Structures are given as structure tokens and as C-alpha cells.
Amino acid sequence: MAMQEKRIDQPIESYRDYYKDKHAQNTSEMFESLVKASGVNEAANTQTVKEIKQKENKINLADKHVGKFKGIRILLIVLIVVSVILAIIFAQGAFGELNLFGIDNQVVNIILMIVSALLNIVWVYLIFGKINKIIKTGLEKLSKLKSEHQELMQVAWTQMEVLNGYYDWGVTAQLIQKTAPIIKLDPYFDMKRFDFMRNKYGLYDGADQKKSIQVVQSGEIEGNPFLIVRDLAHEMGEKVYTGSITISWTEVVHTKNGTRTVTRTQVLTASVSKPFPDYYNTNYLVYSNEASPNLIFSREPGHVEKLNEKQTERHIKQKVKDFESLLREQTVKGGTFNLMNNEAFEALFNATDRNDELEFRMLFDPLAQQEMIKILKDKTVGFGDDFIFYKEKYLNYIAPEHLKGIDLETDPSRYVTYDLAQARKIFNDFNNAYFKSFYFTLAPVLSIPLYQSHKPRAYIYRDTYNQEVSPWEHEAMANYLDIEKLRHPDSVTNNILKTKMVNHLDGMDNIEVTAHGYRGEPRVDIATRLGGDGRMHTIPIHWTEYLPVQKATQVSVKTAENINRHTFMNNMNSSNQNDKWRNYFSQHAHDLDHVIFRRGILAFMPNKPFTKADNEALNEWINKKDVKND
């Protein structure tokens, strides 16, 4: 396939024959362009890294050498102690009244005493005359090697300094859009996109107190908006606590020889189940489309990709039998489920809870059925049948298992290293793996032609919004801050971060972040159990009661699309811009080290209420001509 069309009607073949290699090529080319732009000398860095590894090998050998002689010294010290003790014992045998070894011959005792003393002198001589000198020389050599290693590391980091600064937050999104232009990705989830998805499609507003958005990437396909999301959810589960005691008693046992008293022991245990806060992450896609607007259905992964052909056939036959039973039940109960002609699709996709047969058939036309079956049965190209698919009217939720294994953050600091070869491998491996995971998360909706041919009707946006970025993005930015600065000091659990607007300035959202967690209070329950001694015993069961705690923190979120990661780091750390930026944030932020920049957004915890003048000053620094985007 020389050139991929704009639409992706055959997700499996398109990835296998075009997108996989194209993305690998684009990724490699982007990295090499960054290398070229940075001016890093690959040959010099390769040589420096080679010398670093050689030096590390020498350090390991020197460390083992010193360790060996330190071990010998410890052994000799033990031998000295033993020889001193032996000399004293033999001296007592020769001249005193104590004869521990029972040697009656005085001469033998004297000889053994002298031998022990001489050995003691030999051990002392070896330690102070030989071993200590060897250890000292070895430590000096080790110190020199470590110093040389640090110097080489500094050289390598200097060689990679410019390239390490070139990695930006948008690089993964840029690569995806270059490979698949049909997919558009946003710098961040702004209020316009949120307004569109909430008011037109019914996206929830983020008010769920048991869920916090940790990562959100917004975008669109043919005008139809989508989100890739990782959230942290919380629910109260149960934890079993167990206590135990050991009891003992005596019994008189009758034997053929008479009676004897024996002691019996028994471990008595008791358990209680108590509420326990449980937290878990979910990575998923939210895709919006006006096609089949009343349709609701769900399906769970069946992992049919693990079945061979015969097993698949048996699986389909069994599901068809199940469907026939379901149809009989539906006839009695007045349900709407009606089996489609394509039994393989019905059995493998298994979405029998749909509420609208007509819209289901419109959505899953013969081509969509065909492509969906390919996705589900695929064993080699993608991930097969590993996804939840839940549609509720305009919104489609796809939660694939493979998405759990990818870092949705796409933090460019992952590429930062002193080793160019390592950076190249990390850059290529991560972005190729991310694209595959991202692509096959979208694959179930890409397999439906109606979705790609259906563009949303016009939407009238408001002229102004009372905040710059969406509540989802507020939560994501809050979750990127240091949780130790946000959590309640008594909290011993994970925290769900929720945000609300305080005020909106030009390009600045001042928000309140509330961290919801739990403190733990030790408790004891008492249980009673009958022991083997015939008596009731009390068993203490120690458990923890989790009580809610929360802490509110003011956070300022500032859009700064005209600067990049390189600019931010230069202006926060370099001598050229350092004074201006550091002085500004020193005056306005609680902690200078926790001023963060991510995907075109600045965030920090202000040390006083943020005013319009403060925001204007920040705008001035961000838009200064001498703040350069290198």
C-alpha cells in the first residue's frame, strides 16, 4: 500500500500494510531531525559512553577487589580474637589451675600458647603491614575511578544538553497526526471542546467526587471529538482483618502403663470484615458521534483471539444456542433483541443488551461487521478481543486492556539521558508502542464506516467562557503537581483530587483543588471462640477505621501555548532569563520547584490571591521578545 487514503475503513490491514511502517519511519526521521538540529556529535558521544561503561566495569572490579580484602581483614580480626583466647587458655593450662582442654603436660601447653601468640603476631602484621595498605590503595584507586566516571558523565550530559532540551510535550501528538492526518489532536482539552462534548453529546461535567482525571488528550476524527483518558476512581471495598491467640492447657492421658499429664496448645483465630478504601486506574476512549443517537449497548472482551478455528466455530455455535434461548425469553417478556443474519458477528461481538435494533443494524452494516470480526479474531497485528465497548447514545466508551500498559502522559522527560543511542531507542520504542496502542484503541470505532462518514452538525460556541481550560484538564494538571503538597497531612491513602473555579483572568484560571483522602484510626474488636480446653476465649482483632479528610489548595493554571518545554526550562534555570522568571515565581509561588509546565499550560500554587496585575505581569514575561522558543 503506497499511500493510505484519508479514511480508515480496514483498520487491521491499514495498520499492517501502511501505518505501522509509516509511523516507525516518521518517528525515526523526527528523532534524527532533532539530533541534527541539536548539533550533538554522535561519534563523540558514542566514544564518551563507551568510556563511561569501561570506567563502570573498572569501578565494579575495583569495588570487588576492595571488598575481597575487607572480607579477609574481618576474617583475620576474628582469627586474632580466637588466637588471643587460645593463648590465654593454654597459659592457664600451663601456669594456672584452669585446664579447659585437659592437656596435663605443661610443656605442650606452653608450646601451644607460644604458637597462638605467634599466630596472633602474624595476623596483626598481615592486617597492618599488608591488608590495610592494599585496602587504602584500592580505595584511592576506586575514588579516582569514580571521579573520572563523574567527569565523563558530565561530558556526556553536556554533549546531550541541547538535544535533551528539544524534546517537547507535543512530539507524540505531532507524530500521530503526521502518520494519520485524519486524526487531529489538541494541545490541551480546552473549554470550547468541553462545551461541545458536554452540551451537544452529554459528556459528564467532572463532578463525580469518586473519580479524578489524571490524564486527558482531546482530539477529533472528521470533526467528531474524542478523548483518551486515564482516571483514578475510588470506592469503598472490604478488607478482612484476622486476630489470633495461642492457648494451652494440661490433660491427664490414660495409657496402658498408667496415666500421664500432657500439655496441649491450640491457635484460635477470628476475622472481621471492615470498610476499606479501594483505588484503581482506568484508561479509556470517549468518542462522540451523532450516528445512531438513541442506541445503547455494551459488550465485554471475550478474548476470542486466543481460540483456534475449531474452537471459534464451537464458540459461535454455542452462542447461537444461547441467543435462541434469549430470543424465547424476549418473546415472553416483550424484549427487542432480534438475531442478525451474521451469526459470527453476533457471537463474537456479543452485544445483546442493545435497545434499538434498527439503529444497531444501521451502525453495524455488513462492512462494519466484517471489520469488527477481523479486529476481534486478530492474533498478530493488534491486540484482538481485549476491549469493553459501551455506547450510550452519542457517546462511545472503549476500554481496552492493552491501553493499561501504555503511559498516556507522554512526558518528554522520558527521553532525557546522557546516551544518544539509548535516547534513540527510548524515543522510537515508546512512540511506536504508543501509536499502536492508540490506534487499536480507536480501531473499534474506525471499523464503523458510518462514524467516519457522519460529520457533526454545526455548533454555536459562546463568545467567552468563564475559564480557559476544561474541568477535566484542571484535574489533570492538579494530578501532575506534587501530591504531598496537596494531600491532608493525616491522609494515609491515595487521594481523589477535585477542582472548582475561583476566578478567571486573561489566560489564567485560579482554581481550588480539594484532595479527598482518609486518615486511619486503629481499632480493636473482641471476638470469642471456644477452645479445646472447653472454655471461651477472647481474641483481639486489630483493624483500621478509615475516616475522610480533605484539604483545599489554591492553584493557578495559566495557558502558555507560545512557549515550549525548552523555553520553560531555559527561563527557569538558565542565567539569561533566570532572574526574571525565578524572581517572579519566587514572589508568587509557594514552592519554586513545583512550578510545572505541561502541554502548553503552566501551573503552580500561589502564595497569595492572584490578581489581575499579577496575571498581566506573567503575560508580559511569557510574551517578552527576549523569551525565545528555540
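The values are calculated or read from the model by the stated rules, or taken from the named source; none is laboratory data. Fair warning: this is a prediction, and the values are worked out from it, not measured in the lab. Cβ: placed from backbone, ideal geometry, glycine included. Neighbour counts: every protein chain shown. Please note that ligands, DNA and RNA were not included when accessible areas were found on the heavy atoms of the full protein model with its side chains. Shrake-Rupley method; radii C 1.70, N 1.55, O 1.52, S 1.80 Å.
Step by step: first the residues of region 249-286, then only those that are touching a residue at least 24 places away in the same chain (Cβ under 8 Å) and over 42 Å from the mean Cα position of the chain (by Cα), then the one that is nearest to K210 (Cα to Cα). Which residue is that? Talk me through it step by step, then tell me what you get.
Going through region 249-286, the residues touching a residue at least 24 places away in the same chain (Cβ under 8 Å) turn out to be 249, 264, 266, 268-286.
After this cut, where a residue has to be over 42 Å from the mean Cα position of the chain (by Cα) as well, the list is 249, 264, 266.
Working: W249: 52, R264: 51, Q266: 45 Å.
Filtering region 249-286 for residues that are touching a residue at least 24 places away in the same chain (Cβ under 8 Å) and over 42 Å from the mean Cα position of the chain (by Cα), the one nearest to K210 (Cα to Cα) comes out as Q266.
Only one residue in D411, D429, D419 is without any contact (Cβ under 8 Å) to a residue 12 or more places away in the chain and not β-branched (V, I, T), so which one is that?
Values: D411 fails: without any contact (Cβ under 8 Å) to a residue 12 or more places away in the chain; D419 fails: without any contact (Cβ under 8 Å) to a residue 12 or more places away in the chain.
Unique residue meeting the criteria: D429.
If I ask for residues that are acidic (D, E) and farther than 28 Å from M30 by Cβ, which ones from region 143-176 would you list?
E148, E151, listed by residue number.
Give the residue that is nearest to K436 (Cα to Cα), with candidates limited to residues of region 115-152 that are in contact with a Ser or Thr (Cβ under 9 Å, 6 or more places away or on another chain) and open to solvent by less than 60 Å² (accessible area, probe 1.4 Å).
L152
Within the set of pairs 6 or more residues apart or between chains, which connect a residue that is over 30 Å from T514 (Cα atoms) inside region 536-550 to a residue that is aliphatic (A, V, I, L, M) and surrounded by 18 or more Cβ atoms within 10 Å (Cβ to Cβ) with Cβ atoms less than 7 Å apart?
Taking only residues 6 or more apart or on different chains, the pairs are H537/L268; I539/L268; I539/A270; I541/A270.
Looking at Y434, Y418, Y439, Y397, which is the one that is within 30 Å of E561 (Cα to Cα), assigned to a loop (DSSP other than H, G, I, E, B) and either open to solvent by 60 Å² or more (accessible area, probe 1.4 Å) or not small (G, A, S) (or both)?
On the way: Y434 fails: assigned to a loop (DSSP other than H, G, I, E, B); Y439 fails: assigned to a loop (DSSP other than H, G, I, E, B); Y397 fails: assigned to a loop (DSSP other than H, G, I, E, B).
Result: Y418 is the single residue among Y434, Y418, Y439, Y397 that is within 30 Å of E561 (Cα to Cα), assigned to a loop (DSSP other than H, G, I, E, B) and either open to solvent by 60 Å² or more (accessible area, probe 1.4 Å) or not small (G, A, S) (or both).
State yes or no: is P444 within 30 Å of G382 (Cβ to Cβ), open to solvent by less than 60 Å² (accessible area, probe 1.4 Å) and in a loop (DSSP other than H, G, I, E, B)?
Numbers: within 30 Å of G382 (Cβ to Cβ): yes; open to solvent by less than 60 Å² (accessible area, probe 1.4 Å): yes; in a loop (DSSP other than H, G, I, E, B): no.
No, not satisfied.
Would you confirm whether any residue within region 522-537 is closer than 18 Å to I601 by Cα, modelled with pLDDT under 95, in a loop (DSSP other than H, G, I, E, B) and more than 20 Å from the chain's Cα centre (by Cα)? Let's see the steps before the verdict.
Within region 522-537, the first condition is being closer than 18 Å to I601 by Cα, and the residues that meet it are none.
No, region 522-537 has no match at all.
Of all the residues that make up region 19-38, how many are open to solvent by 50 Å² or more (accessible area, probe 1.4 Å) and in contact (Cβ under 8 Å) with a residue 24 or more places away in the chain? Lay out the reasoning, then the answer.
First, the residues of region 19-38 that are open to solvent by 50 Å² or more (accessible area, probe 1.4 Å): 20-22, 25, 29, 32-33, 36-37.
This time we only want the ones that are in contact (Cβ under 8 Å) with a residue 24 or more places away in the chain, so: 20, 22, 37.
Counting residues in region 19-38 that are open to solvent by 50 Å² or more (accessible area, probe 1.4 Å) and in contact (Cβ under 8 Å) with a residue 24 or more places away in the chain gives 3.
If you check E329, E305, E300, E290, which single one turns out to be among the acidic types (D, E), open to solvent by less than 40 Å² (accessible area, probe 1.4 Å) and closer than 27 Å to N355 by Cα?
Numbers: E329 fails: open to solvent by less than 40 Å² (accessible area, probe 1.4 Å); E305 fails: closer than 27 Å to N355 by Cα; E300 fails: open to solvent by less than 40 Å² (accessible area, probe 1.4 Å).
Unique residue meeting the criteria: E290.
When you look at F345, is it touching a strand residue (DSSP E or B) at 6+ places or on another chain (Cβ under 6 Å) and surrounded by 13 or more Cβ atoms within 10 Å (Cβ to Cβ), yes or no?
Values: touching a strand residue (DSSP E or B) at 6+ places or on another chain (Cβ under 6 Å): no; surrounded by 13 or more Cβ atoms within 10 Å (Cβ to Cβ): yes.
No, not satisfied.
Test each condition in (1) part of a strand (DSSP E or B); (2) closer than 25 Å to G237 by Cβ; (3) open to solvent by 10 Å² or more (accessible area, probe 1.4 Å); (4) touching a residue at least 60 places away in the same chain (Cβ under 8 Å) for N479 and report the one that comes out false.
Status for N479: all satisfied but (1).
Being touching a residue at least 40 places away in the same chain (Cβ under 8 Å) and surrounded by 15 or more Cβ atoms within 10 Å (Cβ to Cβ) narrows it down to one residue among F90, F69; which is it? Can you show your working first?
Numbers: F90 fails: touching a residue at least 40 places away in the same chain (Cβ under 8 Å).
One residue alone meets the criteria, F69.
Residue by residue through region 400-415, note down the ones that are part of a helix (DSSP H, G or I), closer than 17 Å to Q214 by Cβ and in contact with a Ser or Thr (Cβ under 6 Å, 6 or more places away or on another chain).
Selection gives L403 alone.
Quick one: would you say R16 is at pLDDT 95 or above, more than 30 Å from I131 (Cβ to Cβ) and either out of contact with any Asp or Glu (no Cβ under 8 Å at 6 or more places or on another chain) or open to solvent by 40 Å² or more (accessible area, probe 1.4 Å) (or both)?
Working: at pLDDT 95 or above: yes; more than 30 Å from I131 (Cβ to Cβ): yes; either out of contact with any Asp or Glu (no Cβ under 8 Å at 6 or more places or on another chain) or open to solvent by 40 Å² or more (accessible area, probe 1.4 Å) (or both): yes.
Yes.
In region 369-379, which residues are open to solvent by less than 30 Å² (accessible area, probe 1.4 Å) and not in a helix (DSSP H, G or I)?
Correct list: D378 only.
Condition test on E251, is it in contact with a strand residue (DSSP E or B) (Cβ under 6 Å, 6 or more places away or on another chain), among the acidic types (D, E) and modelled with pLDDT of 95 or more?
Values: in contact with a strand residue (DSSP E or B) (Cβ under 6 Å, 6 or more places away or on another chain): yes; among the acidic types (D, E): yes; modelled with pLDDT of 95 or more: no.
Taking the combined requirement at face value, the residue does not satisfy it.
Each row is one residue, and each column tells you yes or no for (1) under 26 Å from H474 (Cβ atoms); (2) in contact with a Lys or Arg (Cβ under 8 Å, 6 or more places away or on another chain); (3) hydrophobic (A, V, I, L, M, F, W, C).
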position	(1), (2), (3)
G507	yes, yes, no
I511	yes, yes, yes
G517	yes, yes, no
G520	no, no, no
G532	no, yes, no
E545	no, yes, no
I563	yes, no, yes
V595	yes, no, yes
K612	yes, no, no
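Yes or no: region 585-597 includes at least one residue that is modelled with pLDDT of 85 or more, within 28 Å of R487 (Cβ to Cβ) and not aromatic (F, W, Y). Step through it out loud before you land on a result.
We begin by selecting, within region 585-597, every residue modelled with pLDDT of 85 or more; these are 595-597.
Filter once more, so that each one left must be within 28 Å of R487 (Cβ to Cβ): 595-597.
Of the ones still in play, those that are also not aromatic (F, W, Y) are 595-596.
Yes, that holds for at least one residue.
When you check E561 against the structure, is it of a type in the set (D, E), more than 30 Å from T250 (Cβ to Cβ) and not in a strand (DSSP E or B), yes or no?
Working: of a type in the set (D, E): yes; more than 30 Å from T250 (Cβ to Cβ): yes; not in a strand (DSSP E or B): yes.
Here the answer is yes, as E561 does meet what is asked.
Go through N41, N45, N60, N109 for me and flag whichever is free of Cβ contacts under 8 Å to residues at least 12 places away in the same chain and not aromatic (F, W, Y). Quick ask: steps written out before the conclusion?
Numbers: N41 fails: free of Cβ contacts under 8 Å to residues at least 12 places away in the same chain; N45 fails: free of Cβ contacts under 8 Å to residues at least 12 places away in the same chain; N109 fails: free of Cβ contacts under 8 Å to residues at least 12 places away in the same chain.
Just a single option satisfies the conditions, and that option is N60.
Checking the condition surrounded by 14 or more Cβ atoms within 10 Å (Cβ to Cβ) and either touching a Gly at 6+ places or on another chain (Cβ under 6 Å) or more than 14 Å from L481 (Cα to Cα) (or both), which residue from K608, K612, K551 passes?
Among K608, K612, K551, only K551 is surrounded by 14 or more Cβ atoms within 10 Å (Cβ to Cβ) and either touching a Gly at 6+ places or on another chain (Cβ under 6 Å) or more than 14 Å from L481 (Cα to Cα) (or both).
So I80 ticks every box in (1) surrounded by fewer than 17 Cβ atoms within 10 Å (Cβ to Cβ); (2) over 30 Å from T417 (Cβ atoms) but one. Which box is left unticked?
All conditions pass for I80, except number (1).
Checking the structure you have, find out if any residue of region 354-362 is open to solvent by less than 60 Å² (accessible area, probe 1.4 Å), over 27 Å from N479 (Cβ atoms) and not charged (D, E, K, R). Walk me through how you get there before you give the answer.
Initial filter on region 354-362 (open to solvent by less than 60 Å² (accessible area, probe 1.4 Å)): 354, 356-357, 359-360.
Next, from what is left, pick out any that are over 27 Å from N479 (Cβ atoms): 354, 356-357, 359-360.
Then keep just the ones that are not charged (D, E, K, R); that gives 360.
Yes, region 354-362 contains at least one residue that is open to solvent by less than 60 Å² (accessible area, probe 1.4 Å), over 27 Å from N479 (Cβ atoms) and not charged (D, E, K, R).
Do we find that T514 is closer than 25 Å to G600 by Cα and modelled with pLDDT of 95 or more in this structure?
On the way: closer than 25 Å to G600 by Cα: yes; modelled with pLDDT of 95 or more: yes.
Judged against the criteria, T514 is a match.
Mind checking which residues of region 189-246 are assigned to a helix (DSSP H, G or I), open to solvent by 30 Å² or more (accessible area, probe 1.4 Å) and touching a Pro at 6+ places or on another chain (Cβ under 8 Å)? Spell out how you get there, then give the answer.
At the first step, the residues of region 189-246 found to be assigned to a helix (DSSP H, G or I) are 191-201.
With open to solvent by 30 Å² or more (accessible area, probe 1.4 Å) added as a condition, the list becomes 192-193, 198-200.
Across region 189-246, the qualifying residues are R193, K200.
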